[in-house]
Amino acid sequence: MAEVLKRTAAFNGVELTGRTLVDLLAAANTDDEAFEELLAYRAPHWLAAFDLIDADRGSLAGQKIDDEGTKADRVRRSVTNSITAMRNNRVIAVGLLREISDAMDHGDRPPSQIGPDGLPTASRATRAWFNRTFTKESGTRSYRKQSATENTTSGQPSAPEWEPQDLDAPEAALLTRTDPADSATDTEESDTQALERLRREFERHILMLADGVGELPEQLEEMSERAKSAGLDYAIDAKQANEWTLTLTRMLAALRKIPESVMSISSPE
């Protein structure tokens, strides 16, 4: 926490707005004060609790080993860097904070990854995903606060609507997300609505695929390390290796055709 707070806070003390967490989360997309309070006083603890960042990078042991104590190639970054990177990716950052809050209110379940629209995806949030989404490099850039109008004008995704529920109702979730594009009351989907839905689904599949591919090298490396630690000569047998290789080869063949297909249905530059 001390790494995130400004030096003036040590002299003047910490001054909070007094607003409830539900109010802060609901307003964070467009309210800079709410967003900054969440980043400074909530995000460091929440992210560390779900192992998305390191709570303390000061100890030598923390810099040499990972969570399982098996390797020393983790991305080292300060809490300040992580928070700054979130500040520069506001839509996903707010979505992640809402998702973590919801996860904590439902038995500390694993939080999900957040898509570019600020909504949870089907994939679990991991440290690798966090580092790819909120890159270390983006944590070093200066921050210029943007209004909702600026975000829309620049082509950034608009923030999804978020409706807090009655916290005393056991059957109600803390977070209820509604997508305006899905609120049509017509029983039959129009061509325009279908096109928008397909766009969202295609983008979601791409992001999920990208996240999964990014984790494959890490998983292979960990399997190798675990096999060595267990005294095994190999992590997998030849049959499994052949099956995986064949599947990957088929995937690559299919993926090679997709970029050209995407460009064939796009507008001219």
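Computed from the coordinates by the stated procedures, all read-outs in this text should not be read as laboratory data. This is a predicted model, so every value here is computed, not measured. Here the Cβ positions follow ideal geometry from the backbone for every residue, glycine too, while neighbour counts run over all protein chains shown.
Worth a mention:
- Residue-count net charge about residue 250 - beta-carbon cut-off 13 Å; Lys, Arg +1, Asp, Glu -1: +1
- Distance (nanometres) between label positions extended 7 Å along Cα→Cβ at residue 109 and residue 219: 2.2 nm
- Residue 251-residue 30 FRET efficiency (beta carbon distance; Förster radius 51 Å; 0.05 resolution): 0.80
- Separation of the stretch 78-120 and the stretch 209-261, taken as the distance between their Cα centroids, equals 28 angstrom.
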